[in-house]
Amino acid sequence: DLEAAHVEKWIKGVCRYCGAGCGVYVGVDKGKIVAVQGDKDNWNKGFLCVKGYYLPPILYAADRAKYPMLKKGDKFVRISWKEAMDLMTEKFADSIKKHGVHSVAFYGSGQAYTEESYFMNKLFKGGLGTNNIDGNPRLCMASAAVGYVSSFGKDEPMGAYDDIYHSDCFFIIGSNMAECHPVIFRLINERKQKGKDVKIIMVDPRKTLSARIADLHMSFIPGTDLVILHAMAHVIVKEGLYSKDYVNNHVVFKTIKDDKPAKVSFEEYVKFLEEYTPEMAEKISHCPKDDIIKAARWFAQSKATMSFWTMGLNQRTRGVWANNLVHNLHLLTGQICRPGATSFSLTGQPNACGGIRDTGLLSHLLPYGRLVANEKDRKDMEKFWGVPEGRIHPKPGPTAVDIFRAFNKGEIKCLWIACTNPGQSLPNVGPYRKGMESKDTFLVVSEAYHPTRTSELADLVLPAALWVEKDGTYGQSERRYQYLEKAVNPPAEARPDLDVMIEFSHKLFAKLGRADEAKRLFNFKNSEDVWNEIRQCSKGTAYDFMGMTRARLKKAHGIQWPCPTEDHPGTVRRYTSRYGDVLVKKFDPHATDVSFYGAKADGNKAAVWLRPYKGPAEPPDAEYPYILTTGRQIEHWHTGTMTLKVPELKRSAPDAFVEINPRDAQKLGIKSRDKVKITSRRGSIVLEAKVVDVPRDGLVFVPMHYPERLINLLTTDAYDAMSKQPEFKICAVKIEKA
Ligand code: SF4
């Protein structure tokens, strides 16, 4: 209640939750955040969703972690920071001395600040020489990143939210934007209200809130959307709706031959598409062929078409291919790189793009488009960081799920998890929880709350400052970097993660007999020092942050990269001179070699990929006849550690349920509020039924947010071979009345 709240000062920041990155002002009174309002001068024009409006209570939850806690027997006991840091550095140093650098690992987060992620990447890859560092964006957007790199040669969307104002056809696939990115969805809704002839195509096996404003809702059997996308391309080619000029000048066609990427001709692509008729697609996907034809025509013939997607495409064993096939449609039709025509992957976390994809905190990446598998990139970074040649290991390290597999086996002996909750969020979480609890390994968890489903398994819990209790930057989905000022102090002994990381690096290196090297490598006093090194590191790459000084970011309502000079306004759209950026006339040479993924975009041309249809890892069968899919509700975010602390949000969405459609419910003799047992090959859970005509026949949905209902005990940890992103969206289950 802005009228009622007494506010001493308003401080500019960014919402703590989704990758939309809404600008906010937080109202401070007597050292406390007492109010929040949307930033009217930012892209969100002052609007926030219900999660954003209820941000302040997350800081004052009763279970905030306030002191370092050490597990003794079954109990946690309070210890001092000195004891905590001594113990942690001793454990890590001992492990490195006895078992080598690959015996330790770090698991980070798309919620950490950019400066924190950059620092840890430097510490592990440049300082220690191990690539045992990955983060939770591997679970939500790795397929989108590999999709962009393999189709365009560079990661990150080329467009911006501003494209929504110029688009007259929205192709939304695998995204319930109305609940997951509500403020972006609001812009689409507004465009729909104002723009005559604006069309919305929604491709989703659930009739979600987002589907309510769709002109065309295409439902299908989960996992079969690849045939729908190919069938749309089939119609576009067959009806001559593709752009000959665009295809001739800006596109190459690619396939995999003998395990290597190989160019093929347009004619070969047309031949490849022959079998993917709308009839064939209907047979496999159960999406009506007339809908597929209509969608293809709207996509190609609209003045400007904009695609959005998120976890429905990414969290799949064919996630990269699905991403490629959406890009294919844009490239075939020339619906790309002009206002309103763009291919835009949405992001789940506030800093997954900035902190993880850009800084390179994934086990195969180096900062700003560089790769660990590329010799020139390694040499570049070794020189930049001032470490000896050969320090950066040439082999990509284990990815998210594999870090926890290695921890289970004892190959990784010390693991530090910061700002994320894998004890709830990993797929097939049961066995990984056992590994995290093991007495033979050492698990440190930096958390703002305790206990969580992860911190309860830790040996040592470090209390973390949260959101505006520390300063730093977030980079959201449209390449916009925003600065968050520190507004209030953290509770009791909680500290900003960056402070702890810097102290850890010096203490660890001292124990390894490398104190002088640490003084040189980790000589940062605050997050601004780290930000300044980040700007230098990005200089001359496709990212180029040189113009984004801290002073500018403090004043601006976000700046979009590339921004190479202090008088540069930032870049709303990339590749506007076709495939040369306005700034970077050719593809960045660093970004064209993506051999880690066995794919490579071609010089100045983008790639249309021939990706044959393959189904999910675990289709339903006679024993497990239903498909389980998981996702979000508008009130809650991720594992609920924050939003479930807000009374208003908890009251509105208090507990998990299983959504089942009336036809399936009748067959199974289930009514709303009955207790239902859902069983997969990995586990069971009992939930209340919600009989509602939202999921299609044969599909059930469970929200992912509730710590006391670990739905990930059931999901599969099978992952995409290229991106290593797990298939959270599809696994086979059976259902019975409990
Ligand atoms: Fe926060 Fe996302 Fe809601 Fe914006 S849309 S207020 S960033 S949760």
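In the stretch 187-225, which residues are over 25 Å from the mean Cα position of the chain (by Cα) and charged (D, E, K, R)? If the condition is that a residue be over 25 Å from the mean Cα position of the chain (by Cα) and charged (D, E, K, R), then GLU190, ARG191, LYS192, LYS194, LYS196, ASP197, LYS199, ARG212, ASP215 are the ones that fit. Can you confirm whether SER538 is more than 26 Å from the chain's Cα centre (by Cα) and of a type in the set (Ser, Thr, Tyr)? Criteria not met by SER538.
Somewhere in the stretch 178-187, is a residue modelled with pLDDT under 95 and either out of contact with any helix residue (DSSP H, G or I) (no Cβ under 7 Å at 6 or more places or on another chain) or away from the ligand (no atom under 16 Å from the Cβ) (or both)?
Applying the first criterion (modelled with pLDDT under 95) to the stretch 178-187 yields none.
No, the conditions are met nowhere in the stretch 178-187.
Residues in the stretch 475-495 that are touching a Lys or Arg at 6+ places or on another chain (Cβ under 9 Å) and within 22 Å of VAL36 (Cα to Cα): GLY475, GLN482, TYR483, LEU484, GLU485, LYS486, ALA487, VAL488, PRO490, PRO491. Residue under question is LYS91, and the condition is that it be crowded, with 16+ Cβ neighbours inside 10 Å, basic (Lys, Arg) and away from the ligand (no atom under 16 Å from the Cβ); does it hold? Yes; evaluated as a whole, the condition is true for this residue.
Among the residues of the stretch 1-15, which ones are assigned to a loop (DSSP other than H, G, I, E, B) and either of a type in the set (S, T, N, Q) or more than 7 Å from the ligand (Cβ to nearest atom) (or both)? Steps first, answer last, please.
So the first thing to find is which residues in the stretch 1-15 are assigned to a loop (DSSP other than H, G, I, E, B), and the list is 1-8, 15.
Matches in the stretch 1-15: ASP1, LEU2, GLU3, ALA4, ALA5, HIS6, VAL7, GLU8.
Let me confirm something: among TYR161, TYR165, TYR148, which residue is hydroxyl-bearing (Ser, Thr, Tyr) and within 16 Å of the ligand (Cβ to nearest atom)? Lay out the reasoning, then the answer.
Working: TYR165 fails: within 16 Å of the ligand (Cβ to nearest atom); TYR148 fails: within 16 Å of the ligand (Cβ to nearest atom).
Checking each option against the conditions leaves just TYR161.
In the condition set (1) assigned to a loop (DSSP other than H, G, I, E, B); (2) surrounded by fewer than 24 Cβ atoms within 10 Å (Cβ to Cβ); (3) at negative phi, LYS434 is compliant with all but (1).
Conditions tested, residue by residue: (1) within 16 Å of the ligand (Cβ to nearest atom); (2) touching a strand residue (DSSP E or B) at 6+ places or on another chain (Cβ under 7 Å).
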| site | (1), (2) |
| --- | --- |
| LYS439 | no, no |
| ALA448 | no, yes |
| ALA465 | no, yes |
| VAL468 | yes, yes |
| TYR474 | yes, yes |
| SER477 | yes, no |
| ASP516 | no, no |
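So, TYR719, is that one under 19 Å from the mean Cα position of the chain (by Cα) and among the aromatic types (Phe, Trp, Tyr) or not? Answer is yes for this residue.
Which members of the stretch 410-431 meet the condition of being free of Cβ contacts under 8 Å to residues at least 60 places away in the same chain and either part of a helix (DSSP H, G or I) or under 23 Å from the mean Cα position of the chain (by Cα) (or both)? GLY423, PRO431, listed by residue number. Annotation: of all residues in the stretch 37-58 being surrounded by fewer than 22 Cβ atoms within 10 Å (Cβ to Cβ) and more than 14 Å from VAL183 (Cβ to Cβ), the one that is nearest to the ligand (Cβ to nearest atom) is TYR54. Among the numbered conditions (1) at pLDDT below 50; (2) in contact with an Asp or Glu (Cβ under 7 Å, 6 or more places away or on another chain), the only one that PRO564 does not meet is (1). If you check ARG357 against the conditions, is it within 22 Å of TRP321 (Cα to Cα) and not hydroxyl-bearing (Ser, Thr, Tyr)? Considered against the rule, which asks whether it is within 22 Å of TRP321 (Cα to Cα) and not hydroxyl-bearing (Ser, Thr, Tyr), ARG357 comes out as yes. Taken over the stretch 24-36, the criterion of being buried (at least 24 other Cβ atoms within 10 Å of the Cβ) and either of a type in the set (Ser, Thr, Tyr) or within 10 Å of the ligand (Cβ to nearest atom) (or both) is satisfied by VAL24 alone.
Let's see how each residue does on (1) at pLDDT 55 or above; (2) surrounded by fewer than 21 Cβ atoms within 10 Å (Cβ to Cβ); (3) not β-branched (Val, Ile, Thr):
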| position | (1), (2), (3) |
| --- | --- |
| GLY558 | yes, no, yes |
| HIS568 | yes, yes, yes |
| THR576 | yes, yes, no |
| GLY580 | no, yes, yes |
| VAL594 | no, no, no |
| ASN604 | yes, yes, yes |
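May I ask you to say which residue of ASN136, ASN131 is of a type in the set (S, T, N, Q) and over 13 Å from the mean Cα position of the chain (by Cα)? Among ASN136, ASN131, only ASN131 is of a type in the set (S, T, N, Q) and over 13 Å from the mean Cα position of the chain (by Cα). Among the residues making up the stretch 355-375, a single one is more than 19 Å from GLN315 (Cα to Cα), of a type in the set (Val, Ile, Thr) and surrounded by 24 or more Cβ atoms within 10 Å (Cβ to Cβ): THR359.
Residue-by-condition table, conditions (1) within 16 Å of the ligand (Cβ to nearest atom); (2) modelled with pLDDT of 95 or more:
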{"site": "MET311", "(1), (2)": "yes, yes"}
{"site": "ARG318", "(1), (2)": "no, yes"}
{"site": "HIS330", "(1), (2)": "no, yes"}
{"site": "THR333", "(1), (2)": "no, yes"}
{"site": "PRO339", "(1), (2)": "no, no"}
{"site": "SER343", "(1), (2)": "no, yes"}
{"site": "GLY348", "(1), (2)": "yes, no"}
{"site": "CYS353", "(1), (2)": "yes, no"}
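Residues are listed down the side, and each one gets a yes or a no for (1) touching a residue at least 12 places away in the same chain (Cβ under 8 Å); (2) crowded, with 22+ Cβ neighbours inside 10 Å; (3) under 17 Å from GLY475 (Cβ atoms):
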site: VAL326; (1), (2), (3): yes, yes, no
site: THR342; (1), (2), (3): yes, yes, no
site: CYS353; (1), (2), (3): yes, yes, yes
site: ASP377; (1), (2), (3): yes, yes, no
site: GLU382; (1), (2), (3): yes, no, no
site: ILE392; (1), (2), (3): yes, yes, no
site: LYS395; (1), (2), (3): yes, no, no
site: ASN408; (1), (2), (3): yes, no, no
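Of all the listed residues (PHE524, PHE545), the sole one being within 16 Å of PRO367 (Cβ to Cβ), out of contact with any Lys or Arg (no Cβ under 9 Å at 6 or more places or on another chain) and in contact (Cβ under 8 Å) with a residue 40 or more places away in the chain is PHE524. The single condition among (1) surrounded by 15 or more Cβ atoms within 10 Å (Cβ to Cβ); (2) out of contact with any His (no Cβ under 7 Å at 6 or more places or on another chain) that GLN666 does not satisfy is (1). Hey, can you tell me all the residues within the stretch 36-62 that are hydroxyl-bearing (Ser, Thr, Tyr) and touching a residue at least 40 places away in the same chain (Cβ under 8 Å)? Matches in the stretch 36-62: TYR54 only.
The values are calculated or read from the model by the stated rules, or taken from the named source; none is laboratory data. Just so we're clear, the structure is a prediction, and the values are computed from it rather than from any experiment. We place every Cβ from the backbone using ideal geometry, glycine too, and count neighbours over all the protein chains shown.
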